[in-house]
Structure formats: C-alpha cells, structure tokens
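Trainee: Before we start, here is the structure in question, set down as structure tokens.
The values are calculated or read from the model by the stated rules, or taken from the named source; none is laboratory data. These numbers come from a predicted model, not from an experiment. Cβ sites come from the backbone with ideal geometry, for glycine too, and all protein chains shown count toward neighbours. Each accessible area value is taken on the protein alone, full model and side chains, heavy atoms only, with ligands, DNA and RNA left out. Shrake-Rupley method; radii C 1.70, N 1.55, O 1.52, S 1.80 Å.
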Amino acid sequence: MAATLTPRGGVAPVRRPRKGGPAIVRFYRSAVGKKWVMAVTGIALMGFVLVHLIGNIKLYLSKEELNLYGEALRDMPGHLLPRTWLLWAFRLGLVAAFVLHVHSAWGLTVINRRARPVGYQSKRDYVAATFASRTMRWTGLIVLLYLVFHLMDLTWGNANPDFVRGDPYNNLVYSMQRPAVALVYALANVALAIHLSHGAWSLFQSLGINNPRYNGALRRFAYGFAGIILVGNLSFPIAVQLGLVDLACPGDDPVAECNEESGL
Amino acid sequence: MSDKQMRITLTAWRQDGPDAPGRFETYDVPGVSPDMSFLEMLDVVNERLQREGKEPIAFDHDCREGICGSCGMMINGQAHGPERGTATCQLHMRKFRDGDHVTIEPWRAAAFPVIRDLIVDRTALDRIIESGGYISAPTGGAPDANLIPIPKPVADAAMDAAACIGCGACVAACPNGAAQLFTAAKVQHLNLLPQGQAERWDRTINMVETMEEYFGSCTLHRECEAACPKSISIDFIALMNRDYAKAQLAQRRLVGQTFP
C-alpha cells in the first residue's frame, strides 16, 4: 500500500514585518539589524563596565582617591560645561544603550520562539553551543535585576541604610560588609562574566567583522575581557569581606562626622 | 567486509500525516552490518515492517552519496547524527556500538512542517532562493574560460559556500531554528564573485528578509556549523551580516561601484 503523501505548496511565513519607512527603521525591524544594534550597544556597555572597573580600583589606593574620583566624574570636563552635564550625557547614553540592548534581545527571543513552536521530543545533544551561549538570556536577566539593586544600593541609597551622598568609599565598604550583599554582588558578576564571554566574541560576528587571520584572537579577546572583569569585580567584595579594605572611621562614629574630620 | 553483526534498538518518530499527532515507536533491529549506511539500516527495518503488513517508516532520500540534500533527521539529538561533515546517508552503522539505543526524529521548525514520519516540507528554503539566489547573465554563446579573472582564494571561498546542499540541518540543529548558515552560503557564493555583483545588494536584502519571514535569528551557538554535512563555516554568516548592513545603510550609488 502506497503511503498517502499530502503534497503541500509550502508553508505560511511565521512573521511578516512591515515594509517601508526610513532605512534605519527598516534595518532595526530585521533580526540581522537587531543583532547589529545589540552588538553596537554591547560595545558601549562593555566600555562602561571596563571604565567602571578601572575607576573602582581606586578603592585600593585610599578613601580620598576613590571619593575624588567620584567627584571628578561629576565635575568633568572642568569648567567647560556646567557641573554634572557631561556625566548626565554619559548616563543618558548608557540608558539608551541598555534599553536598546534589552529591547532587541526581547524582539529576537520572540522571533526565535516562533521559529520553533514545537520543540524536539527526544533529547537534544548539543555539540558546539556553550553554556554561555545557551544562557545569554538568563545571565542578561540576572545582570539587569542586579543593576537595579546596585543603583538602589550605591547610587540612590535606598537599599543602603548607611548611605551618605558623595561618599562612595564608605557607602561601598558598608554595603560590602553585609555578607548577603557581597554574595549577591559576586554572583551577579559571575553572570556578567559568562554573558561577556559569549557576547564579546559574537558581537564581531554580528557586525560582520570576520577574518580567518584573527578569528582566534577575537575569541581569546572575549575570554580575556570577561576574565579581567570577573577578577577585578570579584576582588572588591572579597577584599572587604576579608577586612583588607576597611571603613575610614571604624566604630559607631556617625559617618557624617567622620567625613568632616577627614575634610571631605 | 566484516561478518560482525550488531543489534540496535531504534526509536522512531511516527506521524501519519501533517495534522496527525505523532508518537515514538520502538523497534528491535537485529542483524545490522557495521558496513551499512544509516539509511540502509532503515531499509532493513522497513522491509521487515512491510513483510509484517505494517507501514514502513517514511524518510526522504535520493542520491545516497551526500550531495542531493534530501536525507536528514535528528539522530540521538544531533542533526545527521554523530559523524561530523556527513549527511545521514553517509553515516555508517560502525559509528554505533552493538546494543546501542538510537532515537530518530524529524527536523523541527515552524517552517519545516512534518509531512509524514521523518519527512518535512522544506519549501521555505526554496522561497529564500527564489528571492535572490540567482544571477542575471546574458544567454548566448558560452564565454571563454577564465575571461573574468577571479583570485584563487575568492574562488575557493565561493566554492566552500556553494557546497551547501540545502538539507536543512543548520535549521534543525540551531536552538533558535535559524536558517542563517543556509542563507549566508547561498548569498555569499554569489556575492563573492564578479558575476554576482549586479544584484549583490538587492539579493542580500531580499534573501535575508525572506529568511526572516520563516526562520529564527542567529545567536552564534555554532551548532549549524557542527551539523552541516558540508562543514560550511559560520564565517559566511558574518559576511552576510556585513553585506546586509551595507545594503541597508550605505549610499547605494557608491557601494554599487566598488568592490569592498
């Protein structure tokens, strides 16, 4: 008996993006364009993460060095612009990069879910995909949630009972002395490093930067970058927990008083 | 030829039609020669099923020498099975051990609906080709050989891309159900060559956008590259991304004139 095959004239598209509009909108509508935006915003966010780490290393110099660094950020670029204007420009740029990064990730996730509504019924055996590449959404989400806490803890201060505006050194040390905060900080940075170990390589591919001559170097760059961020950022909670970095004015002295004494 | 025989347990996806619910069925398969191809092993199972008056397992196949792209299925969770750079027809049973349990399942993607058992409809790949996988060339007398000089590395790269047999393993293996490797190969084997320049930018936009109507997006897991029976590199995906951005954002009157 012959098998009855139903000839089908193809399948309906799962997605019909609107056509037309300005070139940049058309570009962003496509998944390739979204990946491109994700790569460009990823570079901006990587730059921030690296500069943030370099600035924070001043924690190991002295309280004055770190607090002066914070002051310098608010004061840049000297008298060329009113105070904090340039800092706000950077902040707005970062927020824009973050929003676009998350928005394109969301859009791509929806596209990908639709592309395979019925999954494999037997166990998949992945050959090349890495833990990092398969958990990008989750590590990204962890970093996003952590970022909210991090801002509440050390920028706005509403998650930090000992918060004093303009005294990042004490804020940071007080915060990290709480073991739970140190642990959350460490876990979030492990997630960030895993995220970067895939993202810092795949962004080149998304942008079309590819040459067999230096593809291996790009892969090593991503691991190296993620490693630097991991080691650098993990050192802060560890140093505070081990007591290597201490409060400038230990004991129950009110922080404000202590600041007055140290002249800041 | 070895006289050794293997016995394997085969669990196969059975689905009577496009809208029928599917299920796994398990078969005991004795007398498997290590020299058989995977499809020959399925032939043995099917002959027995027919003798028993049952429906044989439907699977796509044609040339059985790894160049037509008809065959393909998930074998133990890997597209085309455990051997790298081979289609299912050239996977030999010697890659399995006596007593192994082998599970086979059709490609899964929204754009690849199951027609029956292990056969899926891959028309969506044809839609991508129709939208730009061609060049316009004047017909007439055959041109002289080597009339258009092409550097050897360029010709090699174009040939590497052109090795794509359109089997759909890249889509099947991709955790996102993306057809990036297929489309990139089909875009770039023309975009790399002088003959492909006239339609280069329209081709890239049209093929990418048709692809995106049916398939997922690339997140660089590299599963496609590992599954590809022709071992096509994901480097072509980067080249396609570059050409797509250029086609969308660059000044077309200028990029059309230059060979970047």
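Trainee: With the condition kept exactly as written, say whether any residue in segment A:139-156 is polar (S, T, N, Q), within 14 Å of another protein chain (Cβ to nearest Cβ) and in contact (Cβ under 8 Å) with a residue 12 or more places away in the chain. Quick ask: steps written out before the conclusion?
Mentor: Filtering segment A:139-156 for residues polar (S, T, N, Q) gives A:139, A:155.
In the following step, the residues that additionally are within 14 Å of another protein chain (Cβ to nearest Cβ) were identified as A:139.
With in contact (Cβ under 8 Å) with a residue 12 or more places away in the chain added as a condition, the list becomes A:139.
Yes.
Trainee: Only residues that are more than 14 Å from chain A (Cβ to nearest Cβ), closer than 20 Å to residue B:74 by Cβ and small (Gly, Ala, Ser): list them for segment B:4-59, please.
Mentor: Matches in segment B:4-59: B:37 only.
Trainee: On to the next question. When the residues of segment B:83-117 are narrowed to those that are at the interface with chain A (Cβ under 9 Å from one of its Cβ atoms) and either among the basic types (Lys, Arg) or under 21 Å from residue B:30 (Cα atoms) (or both), which ends up most open to solvent (accessible area, probe 1.4 Å)?
Mentor: B:84
Trainee: Quick one: how many residues across segment A:14-24 are at the interface with chain B (Cβ under 10 Å from one of its Cβ atoms) and open to solvent by 50 Å² or more (accessible area, probe 1.4 Å)? Break it down into steps so the answer makes sense when it comes.
Mentor: Let us first name the residues in segment A:14-24 that are at the interface with chain B (Cβ under 10 Å from one of its Cβ atoms), namely A:14-17, A:19, A:23-24.
Next cut, open to solvent by 50 Å² or more (accessible area, probe 1.4 Å) only: A:16, A:19, A:24.
Total meeting the criteria: 3.
Trainee: Moving on. Name every residue in segment B:1-41 that is in a loop (DSSP other than H, G, I, E, B), among the polar types (S, T, N, Q) and closer than 18 Å to residue B:55 by Cα, in order of residue number. Break it down into steps so the answer makes sense when it comes.
Mentor: Step one: of segment B:1-41, the residues in a loop (DSSP other than H, G, I, E, B) are B:1-5, B:15-22, B:33-36.
Pick out the ones that are also among the polar types (S, T, N, Q) and you get B:2, B:5, B:15, B:33.
If the condition is that a residue be in a loop (DSSP other than H, G, I, E, B), among the polar types (S, T, N, Q) and closer than 18 Å to residue B:55 by Cα, then B:15 is the only one that fits.
Trainee: Among the residues of segment A:198-217, write down those that are aliphatic (A, V, I, L, M) and part of a loop (DSSP other than H, G, I, E, B).
Mentor: First pass over segment A:198-217, keeping only residues aliphatic (A, V, I, L, M): A:200, A:203, A:207, A:209, A:217.
Matches in segment A:198-217: A:209 only.
Trainee: Regarding residue A:220, is this residue basic (Lys, Arg) and either part of a helix (DSSP H, G or I) or at the interface with another protein chain (Cβ under 9 Å from one of its Cβ atoms) (or both)? Can you show your working first?
Mentor: Numbers: basic (Lys, Arg): yes; either part of a helix (DSSP H, G or I) or at the interface with another protein chain (Cβ under 9 Å from one of its Cβ atoms) (or both): yes.
When the stated conditions are applied, residue A:220 passes them.
Trainee: Just checking, does segment B:159-171 include any residue being within 13 Å of chain A (Cβ to nearest Cβ), closer than 19 Å to residue A:32 by Cα, buried (at least 21 other Cβ atoms within 10 Å of the Cβ) and in contact (Cβ under 8 Å) with a residue 40 or more places away in the chain? Give the derivation first.
Mentor: Applying the first criterion (within 13 Å of chain A (Cβ to nearest Cβ)) to segment B:159-171 yields B:160, B:168-171.
After this cut, where a residue has to be closer than 19 Å to residue A:32 by Cα as well, the list is B:170-171.
Keeping just the survivors that are buried (at least 21 other Cβ atoms within 10 Å of the Cβ) gives B:170-171.
Retained after the next criterion (residues that are in contact (Cβ under 8 Å) with a residue 40 or more places away in the chain): B:170-171.
For segment B:159-171, residues within 13 Å of chain A (Cβ to nearest Cβ), closer than 19 Å to residue A:32 by Cα, buried (at least 21 other Cβ atoms within 10 Å of the Cβ) and in contact (Cβ under 8 Å) with a residue 40 or more places away in the chain: present.
Trainee: So which residues in segment A:48-62 are open to solvent by less than 70 Å² (accessible area, probe 1.4 Å) and either in a helix (DSSP H, G or I) or of a type in the set (Val, Ile, Thr) (or both), if there are any at all?
Mentor: Filtering segment A:48-62 down to residues open to solvent by less than 70 Å² (accessible area, probe 1.4 Å) leaves A:49-50, A:52-53, A:55-56, A:58-59, A:62.
The answer is A:49, A:50, A:52, A:53, A:55, A:56, A:58, A:59.
Trainee: Give me a count of the residues in segment B:185-236 that are open to solvent by 40 Å² or more (accessible area, probe 1.4 Å), under 15 Å from the mean Cα position of the chain (by Cα) and within 14 Å of chain A (Cβ to nearest Cβ).
Mentor: Count: 3.
Trainee: Report whether or not residue B:243 is at the interface with chain A (Cβ under 9 Å from one of its Cβ atoms) and without any contact (Cβ under 8 Å) to a residue 60 or more places away in the chain.
Mentor: Numbers: at the interface with chain A (Cβ under 9 Å from one of its Cβ atoms): yes; without any contact (Cβ under 8 Å) to a residue 60 or more places away in the chain: yes.
Here the answer is yes, as residue B:243 does meet what is asked.
Trainee: I'm told residue B:153 meets every condition in (1) open to solvent by 30 Å² or more (accessible area, probe 1.4 Å); (2) modelled with pLDDT of 95 or more except one. Can you identify the failing condition by its number?
Mentor: Only one criterion is unmet by residue B:153, namely (2).
Trainee: Being β-branched (Val, Ile, Thr) and under 18 Å from residue A:57 (Cα atoms), is that true of even one residue in segment A:162-173? Steps first, please.
Mentor: Narrowing segment A:162-173 to residues β-branched (Val, Ile, Thr): A:164, A:173.
Cutting the leftovers down to under 18 Å from residue A:57 (Cα atoms) gives us A:173.
Checking segment A:162-173: at least one residue is β-branched (Val, Ile, Thr) and under 18 Å from residue A:57 (Cα atoms).
Trainee: Of the numbered conditions (1) open to solvent by less than 30 Å² (accessible area, probe 1.4 Å); (2) more than 20 Å from residue A:193 (Cβ to Cβ), residue A:162 satisfies every one except a single condition; which is it?
Mentor: Looking at each condition in turn, residue A:162 falls short on (1).
Trainee: Please state which one of A:127, A:118, A:173 is away from chain B (no Cβ under 11 Å) and either touching a residue at least 60 places away in the same chain (Cβ under 8 Å) or open to solvent by 20 Å² or more (accessible area, probe 1.4 Å) (or both). So that I can check it myself, show each step before the final result.
Mentor: Numbers: A:127 fails: away from chain B (no Cβ under 11 Å); A:118 fails: away from chain B (no Cβ under 11 Å).
None of the others qualify; the one that does is A:173.
Trainee: Sticking with this structure for a sec: Which numbered condition in (1) surrounded by fewer than 18 Cβ atoms within 10 Å (Cβ to Cβ); (2) within 13 Å of another protein chain (Cβ to nearest Cβ); (3) not aliphatic (A, V, I, L, M) is the only one that residue B:143 fails?
Mentor: (2)
Trainee: Which ones in segment B:58-97 are of a type in the set (Val, Ile, Thr) and either over 24 Å from residue B:123 (Cβ atoms) or not assigned by TED's automatic domain parsing to the domain that holds residue B:26 (or both)? Break it down into steps so the answer makes sense when it comes.
Mentor: First, pick out the residues of segment B:58-97 that are of a type in the set (Val, Ile, Thr): B:67, B:75, B:86, B:88.
The one that is of a type in the set (Val, Ile, Thr) and either over 24 Å from residue B:123 (Cβ atoms) or not assigned by TED's automatic domain parsing to the domain that holds residue B:26 (or both): B:86.
Trainee: Pairs, please: C-beta under 6 Å, at least 6 apart or cross-chain, first residue in contact (Cβ under 8 Å) with a residue 40 or more places away in the chain and in segment B:37-52, second open to solvent by 80 Å² or more (accessible area, probe 1.4 Å) and outside any helix (DSSP H, G or I)?
Mentor: B:39/B:61
Trainee: Evaluate the following for residue B:16: is it touching a Ser or Thr at 6+ places or on another chain (Cβ under 6 Å) and either open to solvent by less than 90 Å² (accessible area, probe 1.4 Å) or more than 18 Å from residue B:93 (Cα to Cα) (or both)? Walk me through how you get there before you give the answer.
Mentor: Values: touching a Ser or Thr at 6+ places or on another chain (Cβ under 6 Å): no; either open to solvent by less than 90 Å² (accessible area, probe 1.4 Å) or more than 18 Å from residue B:93 (Cα to Cα) (or both): yes.
So residue B:16 fails the test.
Trainee: Same structure, new question: Taking the options B:70, B:131, B:136, name whichever one is touching a His at 6+ places or on another chain (Cβ under 6 Å), in contact (Cβ under 8 Å) with a residue 60 or more places away in the chain and surrounded by fewer than 22 Cβ atoms within 10 Å (Cβ to Cβ). Outline the logic, then answer.
Mentor: Values: B:131 fails: touching a His at 6+ places or on another chain (Cβ under 6 Å); B:136 fails: touching a His at 6+ places or on another chain (Cβ under 6 Å).
Unique residue meeting the criteria: B:70.
Trainee: Go through segment B:174-184 and give me each residue that's open to solvent by less than 20 Å² (accessible area, probe 1.4 Å) and closer than 19 Å to residue A:105 by Cα.
Mentor: First, pick out the residues of segment B:174-184 that are open to solvent by less than 20 Å² (accessible area, probe 1.4 Å): B:174, B:176-184.
Correct list: B:174, B:176, B:177, B:178, B:179, B:180.
Trainee: Look at residue B:97 and say whether it is assigned to a loop (DSSP other than H, G, I, E, B), over 15 Å from the mean Cα position of the chain (by Cα) and farther than 20 Å from residue B:217 by Cα. Show your work before the answer.
Mentor: Values: assigned to a loop (DSSP other than H, G, I, E, B): yes; over 15 Å from the mean Cα position of the chain (by Cα): yes; farther than 20 Å from residue B:217 by Cα: yes.
Criteria met by residue B:97.
Trainee: Six or more apart or on different chains, Cβ atoms under 8 Å: show the pairs whose first residue is in segment B:215-235 and in the same structural domain as residue B:162 (by TED's automatic domain parsing) and free of Cβ contacts under 8 Å to residues at least 40 places away in the same chain and whose second is in a loop (DSSP other than H, G, I, E, B) and open to solvent by less than 10 Å² (accessible area, probe 1.4 Å).
Mentor: B:220/B:234; B:222/B:234
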